[in-house]
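The values are calculated or read from the model by the stated rules, or taken from the named source; none is laboratory data. Since this is a predicted model, take the numbers as computed values, not measurements. Here Cβ is always computed from backbone atoms with ideal geometry, including for glycine, and neighbour counts include all displayed protein chains.
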Amino acid sequence: MRNAVVCVALASCVLVLPGLATAADEALRLPAVLGDNMVLQSGRDVPVWGWAAPGAKVAVKLESASAEATADKDGRWMTKLPALKAGGPFEMTVTAGTESLTVKNILVGEVWICSGQSNMQWSVNRSNNAKEEIAAADYPKIRLFTVRNTATEQPQDDCQGKWVECSPTTVPGFSAVGYFFGRDLHKQLNVPVGLINTSWGGTPAQSWTSLEKLKANELLKPYVDQYEKAVAKPKIATMEEYEKARAEWEAKVYQTDPGNKGLEQGFAAPGHDVSDWKEMKLPSAWESAGMNIDGAVWFRKEVSVPEAWAEKDLTLDLGAIDDFDTTYFNGEQVGATGSETPDAWNVRRKYTVPGKRVRAGANVIAVRIFDRYSGGGITRGPMTLSPVEGKDAKPIDLTGEWKCKVELALKPLPRPPAPFKPGQQNPHLSSSLYNGMIHPLIPFALRGAIWYQGESNAGQAWLYRTLFPAMIEDWRAQWKQGDFPFLWVQLANYTAAKDQPGESNWAELREAQSMTLRLPNTGQAVIIDIGEAKDIHPRNKQDVGARLAMAARKIAYGENLVYSGPVYKSMKVEGDKVILTFDHVSSGLEARGAEGLKGFAIAGEDRNFVWGEAKIVGDTVVVRSEQVSAPVAVRYAWANNPPCTLYNKEGLPASPFRTDDWPGMTQPK
């Protein structure tokens, strides 16, 4: 069970933070984001704010820079230090009467917000080459701040989090995209970099947009209505009320396990015939492989155990399993986790395999998983097999391809919103994450923001054309630091590839993202070449961060470099051919892949798209088809998981596009 819409939610709701400071909170204090180890933005005025006794005179000093403020009747104050040069470490003192605070180990450099849903939240320790990346993450001039997941109905003035120096100890749980982006900037700019990770898996963009902004556009009224309806709903005030509401909710949405039928059929036995079993890459939810079911699914993997491990106890680590499991080693049960375990879906499974079951050579691990609600499967690692004794032994990596077979497929039941404990809020509530995770950071001085989100809005891609630019405008207006650079990741390729051209809500969401480039100081990292068909969370976050960093170096820092692949510019029809031109051609166009230029579909007035023959002619692409004598439209990479074959010679992929504006599958009828 998980609180997720499209992506795996990486954290559950947390207690709402206290709201505004009042006169009763007279002690001098700063917000969490102004703390030890922080990075302050260079080259622009630096807001410093906090709370003190009403009327108190507050003085701020950092090296030779100083500023003053007076606390208002609610005890709030704010001032600005003049622009600072990159460097450090420094100390900043804040005094109010007899009270004094010292903020230590401050650097001045480049500050970036890192926000979005689970692909931004996805951590370094779950990405490609995690062990090597973590070991090499010794960058004391990169500083990391993670905002604790917090959803609230009203804007908050503070958050929970702290700045830390980047090191092999602090980087494993930090945003991988954020870290790789910041690392590349740090190496290229040779200045300190501060990264503020404020992200939450499975969340939609309307949760990250202020209610004020949503109300300003009639098209976004459905999100305002959702907020007002939720706020007006009576709140659960006691744990007794919550337990009752929770029990009623579980009775409506939880499936019941009728019993282990696969064991009777020999699914756990070492010699069982698995020739008709499918394969699935683990760890990942089985929904990512197209199995949109609840119920029971078996997974099997044969592993080769070294002779030195024979007849020795082993530790079988399977990571988190959603929801319940029974695990076997060479046909014998070695562990199980069921409904008696709170939040079993999020509990790491580590079982001891008795030495008497361990033999040198081939051994079989079998896992029966029963999913009663939402996503199911072995959802995250680590997945290893290792000796209980012998710390120097290299563990066997169990990630990768496993055999799988459905024992019982249950149609998911309707899923009304789950009740929340007293003091908790729904992260899918419009504006709730802006209130709890963005507003507390304003007006911290920054250079820009990076964003990786959209999966949870794919079903409303047409509305995202309005929502996404509105959110960017909202943040810029609230920060009052001008049109600061805002860079995002276009959705990756995902799900099984289609044989024929067709409609795609993910393609429409990518189009909405591309349309947002009309805003000033924006950039987009196209990654339809590095996603994974069976996993909504691609593990290659290094290239994602690198492409964002290239965009930042051009847009934020004015560096002369190629940061974008080809972008569709115009079309011209000549007979049965369509000639396409592009921006960002750079050194020229090229086709990549064994089959040459693929992924172009062409249609006539009947709007029936067929695959076209495409070839590069100079800086253009010419598309035609024997089936379309009078073409009027072309589409490229228009699918959830499209062929990606068109690049510029600098190695950056072309952005998906269409030349038509015919109504798509997410546009209201």
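Candidates in region 253-295 are the residues that are in contact with a Pro (Cβ under 9 Å, 6 or more places away or on another chain) and aliphatic (A, V, I, L, M); of these, the one that is modelled with the highest pLDDT is I293.
Listed by position, the strands (runs of 3 or more DSSP E) contained in region 535-644 that have at least 3 residues being loosely packed, with under 14 Cβ neighbours inside 10 Å are 567-574. Close Cβ contacts (under 7 Å, 6 or more residues apart or on different chains) running from residues in region 481-493 that are within 23 Å of A639 (Cα to Cα) and touching a residue at least 12 places away in the same chain (Cβ under 8 Å) to residues that are buried (at least 22 other Cβ atoms within 10 Å of the Cβ) and among the polar types (S, T, N, Q) comprise W488/Q513; W488/Q524; Q490/Q513; Q490/Q524; Q490/S655. Selection within region 218-254: residues that are under 15 Å from P422 (Cβ atoms) and aliphatic (A, V, I, L, M). The member of this set that is surrounded by the most Cβ atoms within 10 Å (Cβ to Cβ) is I236.
Among the residues of region 310-321, those identified as modelled with pLDDT of 95 or more and buried (at least 19 other Cβ atoms within 10 Å of the Cβ) are L314, L316, L318, I321.
Considering the conditions (1) at pLDDT 95 or above; (2) touching a strand residue (DSSP E or B) at 6+ places or on another chain (Cβ under 7 Å); (3) of a type outside the set (F, W, Y), S564 is excluded by exactly one of them, (2). Annotation: of all residues in region 326-340 being in contact with a Ser or Thr (Cβ under 6 Å, 6 or more places away or on another chain) and among the small types (G, A, S), the one that is surrounded by the fewest Cβ atoms within 10 Å (Cβ to Cβ) is A336.
Every condition in (1) surrounded by fewer than 18 Cβ atoms within 10 Å (Cβ to Cβ); (2) part of a loop (DSSP other than H, G, I, E, B); (3) not polar (S, T, N, Q) is met by K187 except one, and the failing one is (2). Screening region 333-359 for residues that are in a helix (DSSP H, G or I) and not small (G, A, S) and picking the one that is modelled with the lowest pLDDT gives N346. Looking at this structure, is P416 more than 22 Å from N260 (Cα to Cα) and either modelled with pLDDT of 95 or more or of a type outside the set (S, T, Y) (or both)? Against the criterion (more than 22 Å from N260 (Cα to Cα) and either modelled with pLDDT of 95 or more or of a type outside the set (S, T, Y) (or both)), P416 qualifies. Could you tell me whether any residue of region 293-308 is surrounded by fewer than 16 Cβ atoms within 10 Å (Cβ to Cβ) and on the phi > 0 side of the Ramachandran plot? Checking region 293-308: not a single residue is surrounded by fewer than 16 Cβ atoms within 10 Å (Cβ to Cβ) and on the phi > 0 side of the Ramachandran plot.
The listed residues are V628, V610, V617, V623, and the only one of them that is more than 13 Å from P501 (Cβ to Cβ) and aliphatic (A, V, I, L, M) turns out to be V617.
The set of residues from region 494-510 being more than 16 Å from I530 (Cβ to Cβ), out of contact with any Pro (no Cβ under 7 Å at 6 or more places or on another chain) and in contact (Cβ under 8 Å) with a residue 24 or more places away in the chain comprises A496, K498, Q500, P501, G502, E503, S504, N505, E508, L509. If you check Q117, Q154 for being touching a residue at least 60 places away in the same chain (Cβ under 8 Å), surrounded by fewer than 23 Cβ atoms within 10 Å (Cβ to Cβ) and not basic (K, R), only one passes: Q154.
Checked against (1) surrounded by fewer than 24 Cβ atoms within 10 Å (Cβ to Cβ); (2) more than 16 Å from E473 (Cα to Cα), K215 meets all criteria but (2). Scanning region 187-221 for residues that are more than 29 Å from L40 (Cβ to Cβ), within 27 Å of the chain's Cα centre (by Cα) and at pLDDT 95 or above yields a count of 9. Residues in region 101-132 that are in a loop (DSSP other than H, G, I, E, B) and either over 21 Å from R476 (Cβ atoms) or aliphatic (A, V, I, L, M) (or both): W122, S127, N128, N129.
Restrict the check to region 505-515 and report whether at least one residue is at pLDDT below 95 and of a type in the set (S, T, Y). Checking region 505-515: not a single residue is at pLDDT below 95 and of a type in the set (S, T, Y).
Being of a type in the set (G, A, S), surrounded by fewer than 17 Cβ atoms within 10 Å (Cβ to Cβ), in contact (Cβ under 8 Å) with a residue 60 or more places away in the chain and at positive phi is a description that applies to G423.
Are any of the residues in region 422-438 farther than 18 Å from P204 by Cβ, touching a strand residue (DSSP E or B) at 6+ places or on another chain (Cβ under 8 Å) and not acidic (D, E)? No.
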